[in-house]
Amino acid sequence: MSKKILILPGDGIGPEIVREAVKVLNCLRDHFGLDIAMEEALVGGAAFDDSGHPLPKATLDLALDADAVLLGAVGGPKWESLDISVRPEKGLLGLRGELGLFANLRPAILYPQLAAASTLRSDVVSGLDILIVRELTGGIYFGQPRGVETLASGERRGLNTLVYTESEIDRICRVAFDIAMKRGKRVCSVDKANVLECTELWREVAIRVGGDYPQVELSHMYVDNAAMQLVRAPKQFDVMVTTNLFGDILSDCAAMLTGSIGMLPSASLDADGKGMYEPIHGSAPDIAGTGVANPLATILSLAMMLRYSLDAGVQAERIEKAVSAVLDQGLRTPDIFTEGNEKIGTVQMGDAVVSVLRSAAI
Ligand code: NAD
């Protein structure tokens, strides 16, 4: 039976980059036997303009029914003054919550062809291939009690609570170990076990889960050291697994090692491998409509979708090799352009990937 993919273009450059990713999907369906059915719906600001809500019920129902969701990006200045309950970002958070997407996978891959785009020395980052697995629905972002309260003295006090159950830690660690088995078979669990009891438990559970994966080498690192090591010698890492807060910070740090926000995909998965896939960047209102946005992060998000939700690793590799081949040809959108290459726009980049795929040169 065909796998159902829900396409959510969103706002800003979202529709432009998603259009190119859909071309790639169509190519895989028409020429490489990928059995998929696609539907499209509104989310974010576009949905608010249409129906007054950033996550309409019709969109949520389609997302719940789909095997995987591809999202462009949401948000933009047009909707910034709206009440927080109906801002575009609520659509995204609503989808994550309703779909139970507890595992956020953020690869930081630096194609050797783009090593000059990083702010770090190319020998430090060339060939970088890290995957950060971030817990997405628990930890200090959701723990109770929380808020700002006024003490008897009249002084105000803000508080948030870091809380994880053993089962929450167990399931995110299993995601990391399962993925490590398909990669370099190394997991680094990042915590602050020397100070935070909650992450002492995190470490204990990580070790217990690791016992079920004897082929995977498990190491532990305090988050402050992990931040330092990511910048000092990032290629030492294969898979990193960590809490919501630490993962939020470390994954942005790792992403920027590659120097190109337009190249990085992400996946958010539920307990059964169903997922939402999106580029890590936002809706880039500053370049929306100008035809220069880089669609490769979205196209690479498709590759993640094929690998993690549709059990189509061979098709995923086709996409990744095609992207690499296009970079080999010297084709660059402005965000990754360096002297000596050819500057092209969004549509030409999508066409180039499809052309390489179709040429069967890969
Ligand atoms: P952004 O990621 O949209 O843009 C940051 C910079 O990177 C901009 O200069 C932009 O032009 C550039 N850029 C981003 N994607 C690019 C691409 N594919 N090709 C070339 N250049 C690219 O971040 P921002 O400007 O802070 O946020 C803009 C809007 O996006 C805000 O409304 C924000 O809330 C929203 N946002 C949405 C998501 C999401 O949908 N997941 C994530 C982050 C931000």
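Test of understanding: what is the full-extension gain from A37 to D50, defined as 0.36 nm times their sequence separation minus their Cα-Cα distance?
Working: separation 13, 0.36 × 13 = 4.68 nm, distance 2.45 nm.
Length gained, A37 through D50: 2.2 nm.
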Heavy-atom accessible area per residue - the stretch 119-258, 1.4 Å, Å²: 49
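Assuming R0 = 30 Å, can you tell me the calculated FRET efficiency for the pair R121 and E339, based on Cβ-Cβ distance, to the nearest 0.05?
Details: r = 19 Å, r/R0 = 0.62.
E between R121 and E339, to the nearest 0.05, is 0.95.
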Below 23 Å, Cα to Cα, which lysines can K235 reach? Residues fewer than 8 away in the same chain don't count. K182, K185, K192, K321
As straight-line cross-link partners of K4, the qualifying lysines (C-alpha separation under 20 Å, not fewer than 8 residues apart within one chain) are K23, K57, K274
Using every Cα-Cα pair within the stretch 119-258, state what percent have a distance larger than 24 Å. 35
Among bridges DSSP assigns within the stretch 119-258, what percent are antiparallel (round to 5)? 25
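Can you work out the FRET efficiency for the pair K4 and K321, with r the C-beta to C-beta distance and R0 = 25 Å, to the nearest 0.05? Walk me through the numbers on the way to the answer.
Working: r = 26 Å, r/R0 = 1.04.
That gives a FRET efficiency of 0.45.
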Long-range amide H partners of C188, meaning residues 5 or more apart or on another chain whose placed amide H is closer than 5 Å, are S219, D238, V239, M240, V241
Taking θ = phi - 60°, what integer Hz values does the Karplus form 6.51 cos²θ - 1.76 cosθ + 1.60 yield along the stretch 138-146, in sequence order, with x for Gly and Pro? x, x, 5, 6, 10, x, 10, x, 8
Using 7 Å Cα-to-Cβ label points, what is the D311/Q229 separation (nm, one decimal)? 3.5
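The values are calculated or read from the model by the stated rules, or taken from the named source; none is laboratory data. Because the structure is a prediction, the values reported are computed rather than measured. Ideal geometry is used to build each Cβ from the backbone, glycine not excepted, and the neighbour counts take in all protein chains shown. The accessibility values were calculated without ligands, DNA or RNA, using every heavy atom of the protein model including side chains. Shrake-Rupley method; radii C 1.70, N 1.55, O 1.52, S 1.80 Å.
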